[in-house]
Amino acid sequence: MAKKKMWGGREFWGFGSEHDPDWILTEKQKKIQADLIEVCRVKIRPQAIICDRKYEFPRESLNALAEIGLLGLLVPEELGGLGENHVCCSMVCETLARYGCPSTAMVYTMHIGAVANLLFRHHNSRRIKELLSRLDKDKLVGTLSYSDPVTGGHFWFPMSSKVQYVDKETIQLLKFGSWCTSAGNADWYVVQTISPDYGGDYSNLSCFLIYKDEVRANTDDWQALGMHGNMSGPLVIEGKFNLDRMIGPPGDGRMSNDETVDPYFLICTASVWNGISLACLDVAKMHVTRKTHADMGMRVCDYPTIQDYFGDCTADTNSSRAFTFMMCQALDTNTNNNDWSLYTDLKFQARAQLFHWLFQTKFIAAKNVSTVSDTMLHACGGTGYKIELGLERLLRDAKAGWVMGPSNEVIRQIVGKFVLLGPESIDFWDQHPNERMIHHELQKMNLSEKKKLVKALLEDVQAEERGAEAKHPFQETDFENPFNTCPPAVNDQVIKTNDGVNHAPALKPDQWVPLTLQSNKLVSEKMGAFVFSLPNKTDHSGCLPGQYVAAKVTVQGKEHLRYFSPVSCPDDFGHIDLVLRFETQGVMSCYFKTLRPGDKVDFQGPCGGFEYEANQLDELTLLASGGGVTPAVQLIRSILTNNQDKTKITLLYFSENYNEILFREELDQYAESEKRLRLVYTLGEAPENWDGEEGFIDTHMIARHIAKPNGIRHKIVMCGGPSMSMSCLHSLRSLGFPSSCIFIYGQCGSELVKAVYGKNVQLATHRCDNVV
Ligand SMILES: Cc1cc2nc3c(=O)[nH]c(=O)nc-3n(C[C@H](O)[C@H](O)[C@H](O)COP(=O)(O)OP(=O)(O)OC[C@H]3O[C@@H](n4cnc5c(N)ncnc54)[C@H](O)[C@@H]3O)c2cc1C
């Protein structure tokens with residue numbers, strides 16, 4: 001007779017202990033589980049409802065986990081952890097999702113993946129050992145920033161990242177992350193980027209340890225169907241770091257994926273989906289065994305249909321659990337019960353050979369939870385649809401299982417390919433051409449199409465054969481300004497105006513100049529405008545239109561740097577104007593929020609950007625999104641205030657909604673009075689009777705508003721995030737615009753151009769000419 005399962009002082013309402021495969025747990029693990037269930041009962045389960053309702057990060061629940069040592073579950077005992085194995089880890093994730101909170105369980109999953117990544121290469125790192133030994137004591141939650149805005153669910157492909165050595169001890173790093181669980185809330189991050197010497201090979205990966213105050217993120221942007229406590233959001237990491245932040249040697253990222261992040265993520269996430277399935281079954285059992293239909297004299301559970309539902313879902317859920325636990329046991333066997341000392345041999349691999357099995361655990365568990373949560377809703381009827389029962393929340397949380405990377409479609413592809421074509425066919429980094437497909441597609445072409453293709457291919461071959469010399473050497477070395485063919489130009493001239501006044505340059509490219517805040521105000525809910533006085537009322541900024549500047553602040557003894565494209569023109573004498581999108585997590589953003597008129601901030605510039613010169617172009621197209629419109633505004637102001645400048649401008653500007661269009665009144669006025677400006681707004685959420693465009697900038701929209709390439713001097717300048725740039729690049733290419741006319745603000749611009757146009761293409765320059 002199985003032991004009665006208790007929930008505090010009363011019998012547990014769900015499935016009894018006879019359905020728990022306790023025989024796989026050690027006595028120590030059974031105690032861990034019992035302690036965890038109690039913490040779930042007292043703290044985490046009530047908190048789950050609050051986190052869901054208020055979109056709150058489950059910090060209190062995570063603190064409760066730290067109090068019973070679970071943040072250091074995998075950390076060896078000599079470093080102060082519990083030194084536990086894969087089976088235990090799976091049990092903890094399942095238990096947490098089942099009895100406590102799915103959002104917390106998912107945050108914990110990402111924490112475990114990040115801890116495993118550190119343990120993999122902790123042996124020679126004082127920094128890592130120190131962090132691992134403090135996880136529970138100081139309640140330090142970690143997470144994984146792998147997903148990239150332009151590669152979606154292919155989280156192993158960090159295309160919007162960049163790394164370079166500054167000197168023997170310092171590394172410069174840029175990472176645009178997307179979908180990072182706990183973004184802005186975690187205390188530390190394991191971040192995957194390309195390696196410093198990646199040379200175009202995206203399988204050459206490295207990982208870095210980054211702390212909370214080094215991340216820019218918005219903690220209040222997360223709105224989703226479920227997992228409301230998850231706070232999965234975009235983040236930016238940018239700066240110079242000591243080399244000891246690199247986890248393992250350069251290029252170790254691929255191995256750490258195979259050995260730590262993938263296996264742990266897959267078994268933990270499978271366990272979370274299994275836990276949610278069990279939670280749905282528990283709640284539904286409680287309801288159907290209590291609810292009676294007076295007319296029939298039967299409880300809901302007495303109907304054979306309902307018994308059939310439960311039989312089906314129980315068998316499938318237990319199959320999924322058995323599969324996950326079996327794979328955990330296999331991992332424990334291969335790693336000598338999770339002995340991290342095996343990895344002092346940098347070549348040692350124990351988990352990678354099981355990867356196809358591990359992918360299947362996630363697939364089965366995510367597929368099952370989707371069916372189980374739906375079926376249990378059907379079993380509970382209208383009561384299940386209401387919030388009170390708790391099933392509705394579980395159902396929403398469960399839906400994340402299928403779509404979270406690797407999504408179930410992606411896994412099916414991977415497993416199917418492996419089975420049919422062998423592991424080498426999987427080609428995670430898109431490196432091996434499918435010759436069968438190429439030959440088939442070629443047969444569809446007529447002679448002239450073939451000739452066109454041959455010509456393009458030959459040009460590509462010639463460019464590749466010319467090698468590095470074809471590219472401008474400066475473009476290869478400038479981290480910040482990938483389109484630059486020479487250092488940024490500096491407008492260091494004294495300008496004499498008609499009134500006889502001399503205007504000297506205020507900023508220097510290599511020296512910090514303190515500027516005083518003259519005024520600041522909110523321009524939208526999340527955007528602030530700041531006017532800084534230049535040292536003299538007559539000063540010009542020292543930049544060219546389109547260039548950006550750097551601001552530096554010191555917070556708690558640490559310097560922080562951020563780049564800004566001013567919206568004022570270089571010859572707006574006596575001041576520079578900035579617009580900043582406030583982030584909830586980000587030292588600079590928080591610092592700027594506290595600034596009051598009279599405060600000083602150090603500036604330096606110009607630091608780079610597009611260098612506009614009047615009448616060098618016939619047309620300038622500006623594709624902008626959200627707060628990224630700032631360089632476009634500066635360029636428009638500079639051009640339209642110069643009556644001698646004949647350049648025509650088109651601004652195609654995406655904004656989430658009408659109220660968030662920045663500088664709308666001014667832009668509208670320009671558009672009304674100026675033939676040189678064509679203004680097109682496109683809105684994510686359009687008001688009634690809106691006659692502008694709707695939705696993201698796409699191929700049809702570009703075709704409608706921008707003249708096809710026709711031999712004129714035309715530059716297309718993009719200012720938005722990586723995903724906007726990527727999608728516009730695809731559109732521009734399909735419309736026949738050459739890569740050499742496209743300039744993108746942001747450090748990853750050239751990588752994005754190469755990803756769309758090919759690695760040997762001619763890049764635009766940072767000037768109005770198109771000559772590389
Ligand atoms: C709650 C939640 C938490 C997350 N937490 C993290 C985190 O902590 N860290 C992190 O790095 N990421 C995290 N992610 C991100 C996740 O791993 C994926 O990157 C993300 O879900 C991808 O979303 P997308 O819109 O870009 O989908 P896309 O990748 O654009 O997918 C769209 C559709 O295309 C399909 N598809 C994509 N590729 C293929 C293919 N090759 N073959 C067939 N079909 C394909 C997909 O299955 C899907 O149906 C999280 C996601 C969620 C939902």
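The values are calculated or read from the model by the stated rules, or taken from the named source; none is laboratory data. Nothing here was measured: the structure is a model prediction, and the numbers come from that model. Every residue, glycine among them, receives a Cβ derived from its backbone with ideal geometry; neighbour counts consider all protein chains shown.
Remarks
- For M159: the one exception among (1) within 12 Å of the chain's Cα centre (by Cα); (2) within 10 Å of the ligand (Cβ to nearest atom); (3) not in a strand (DSSP E or B): (2)
- Evaluating I32 against the criteria (1) surrounded by fewer than 20 Cβ atoms within 10 Å (Cβ to Cβ); (2) of a type in the set (V, I, T); (3) touching a helix residue (DSSP H, G or I) at 6+ places or on another chain (Cβ under 8 Å) leaves one unmet condition, (1).
- Residue in region 648-666 that is closer than 18 Å to R581 by Cβ, part of a helix (DSSP H, G or I) and in contact (Cβ under 8 Å) with a residue 40 or more places away in the chain present: yes
- The combined condition, being within 16 Å of the ligand (Cβ to nearest atom), in a helix (DSSP H, G or I) and hydroxyl-bearing (S, T, Y), is fulfilled by S373.
- The criterion of being within 16 Å of the ligand (Cβ to nearest atom) and either in contact with a Lys or Arg (Cβ under 9 Å, 6 or more places away or on another chain) or not β-branched (V, I, T) (or both) does not hold for R436.
- Cβ-Cβ under 7 Å pairs, at least 6 apart or on other chains, region 403-431 side under 21 Å from I267 (Cα atoms) and touching a residue at least 40 places away in the same chain (Cβ under 8 Å), far side assigned to a helix (DSSP H, G or I) and near the ligand (Cβ under 10 Å from one of its atoms): M404/T269; N408/W402
- Of all residues in region 403-418, those satisfying the criterion of being hydrophobic (A, V, I, L, M, F, W, C), within 13 Å of the ligand (Cβ to nearest atom) and touching a His at 6+ places or on another chain (Cβ under 8 Å) are V410, I414, V415.
- Of the set (1) at pLDDT 95 or above; (2) within 16 Å of the chain's Cα centre (by Cα), all apply to I171 but (2).
- Evaluated against (1) free of Cβ contacts under 8 Å to residues at least 60 places away in the same chain; (2) not in a helix (DSSP H, G or I), Q349 falls short on exactly one condition, (1).
- Failed item, numbered, when P196 is tested on (1) without any contact (Cβ under 8 Å) to a residue 60 or more places away in the chain; (2) in a strand (DSSP E or B); (3) away from the ligand (no atom under 16 Å from the Cβ): (2)
- Checked against the criterion of being in contact with a strand residue (DSSP E or B) (Cβ under 9 Å, 6 or more places away or on another chain), surrounded by fewer than 17 Cβ atoms within 10 Å (Cβ to Cβ) and under 26 Å from K240 (Cβ atoms), the candidates K521, K558, K537, K508 yield just one match: K508.
- Meets criteria (touching a helix residue (DSSP H, G or I) at 6+ places or on another chain (Cβ under 9 Å) and surrounded by 14 or more Cβ atoms within 10 Å (Cβ to Cβ)) for N484: yes
- Of the criteria (1) at pLDDT below 95; (2) closer than 30 Å to C328 by Cβ, which one G239 fails: (2)
- Yes/no for E84 being more than 12 Å from the ligand (Cβ to nearest atom) and part of a helix (DSSP H, G or I): no
- Condition check for L174: in a strand (DSSP E or B), more than 16 Å from the ligand (Cβ to nearest atom) and not β-branched (V, I, T): yes
A quick yes/no check of all residues on (1) more than 16 Å from the ligand (Cβ to nearest atom); (2) modelled with pLDDT of 95 or more; (3) assigned by TED's automatic domain parsing to the domain that holds M286; (4) touching a helix residue (DSSP H, G or I) at 6+ places or on another chain (Cβ under 9 Å):
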{"position": "W357", "(1), (2), (3), (4)": "yes, yes, yes, yes"}
{"position": "F363", "(1), (2), (3), (4)": "no, yes, yes, yes"}
{"position": "G382", "(1), (2), (3), (4)": "yes, yes, yes, no"}
{"position": "L389", "(1), (2), (3), (4)": "yes, yes, yes, yes"}
{"position": "G401", "(1), (2), (3), (4)": "no, yes, yes, yes"}
{"position": "L420", "(1), (2), (3), (4)": "no, yes, no, no"}
{"position": "D430", "(1), (2), (3), (4)": "no, no, no, no"}
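- For region 348-363, the condition of being surrounded by 16 or more Cβ atoms within 10 Å (Cβ to Cβ) and in contact with a Phe, Trp or Tyr (Cβ under 7 Å, 6 or more places away or on another chain) holds for at least one residue.
- Flag for R436 being over 30 Å from Y385 (Cα atoms) and either outside the structural domain of C180 (by TED's automatic domain parsing) or at pLDDT 95 or above (or both): yes
- Among the residues of region 674-690, some residue qualifies, meaning at least one is at pLDDT 95 or above and not in a strand (DSSP E or B).
- Pairs with Cβ under 6 Å, 6+ apart, first in region 104-125 and over 21 Å from I50 (Cβ atoms), second among the polar types (S, T, N, Q) and not in a loop (DSSP other than H, G, I, E, B): A114/T143; A116/T260; N117/S256; N117/T260; F120/S256; F120/T260; H123/T344
- Verdict on D221 being without any contact (Cβ under 8 Å) to a residue 24 or more places away in the chain and under 21 Å from K175 (Cα atoms): yes
- Residues that are out of contact with any Gly (no Cβ under 6 Å at 6 or more places or on another chain), assigned to a loop (DSSP other than H, G, I, E, B), within 16 Å of the ligand (Cβ to nearest atom) and not hydroxyl-bearing (S, T, Y) do not occur anywhere in region 106-119.
- Of the listed requirements (1) touching a strand residue (DSSP E or B) at 6+ places or on another chain (Cβ under 8 Å); (2) more than 16 Å from F265 (Cα to Cα); (3) within 8 Å of the ligand (Cβ to nearest atom), T181 misses just one: (2).
- Per the conditions (1) in contact with an Asp or Glu (Cβ under 8 Å, 6 or more places away or on another chain); (2) hydroxyl-bearing (S, T, Y); (3) within 12 Å of the ligand (Cβ to nearest atom), the sole criterion not satisfied by T143 is (1).
- Taken together, the residues in region 381-415 that are part of a helix (DSSP H, G or I) and exposed (fewer than 11 other Cβ atoms within 10 Å of the Cβ) amount to 1.
- Within region 327-346, tally of residues that are more than 15 Å from L74 (Cβ to Cβ) and part of a helix (DSSP H, G or I): 6
Yes or no, residue by residue, for (1) buried (at least 20 other Cβ atoms within 10 Å of the Cβ); (2) more than 30 Å from P423 (Cβ to Cβ); (3) near the ligand (Cβ under 10 Å from one of its atoms); (4) among the acidic types (D, E):
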position	(1), (2), (3), (4)
D220	no, yes, no, yes
I237	yes, yes, no, no
F241	yes, yes, no, no
I247	yes, no, no, no
P250	no, no, no, no
M255	yes, no, no, no
D258	no, no, no, yes
V261	yes, no, yes, no
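- Candidates Y202, Y165 - the one that is touching a residue at least 24 places away in the same chain (Cβ under 8 Å), more than 12 Å from the ligand (Cβ to nearest atom) and buried (at least 20 other Cβ atoms within 10 Å of the Cβ): Y202
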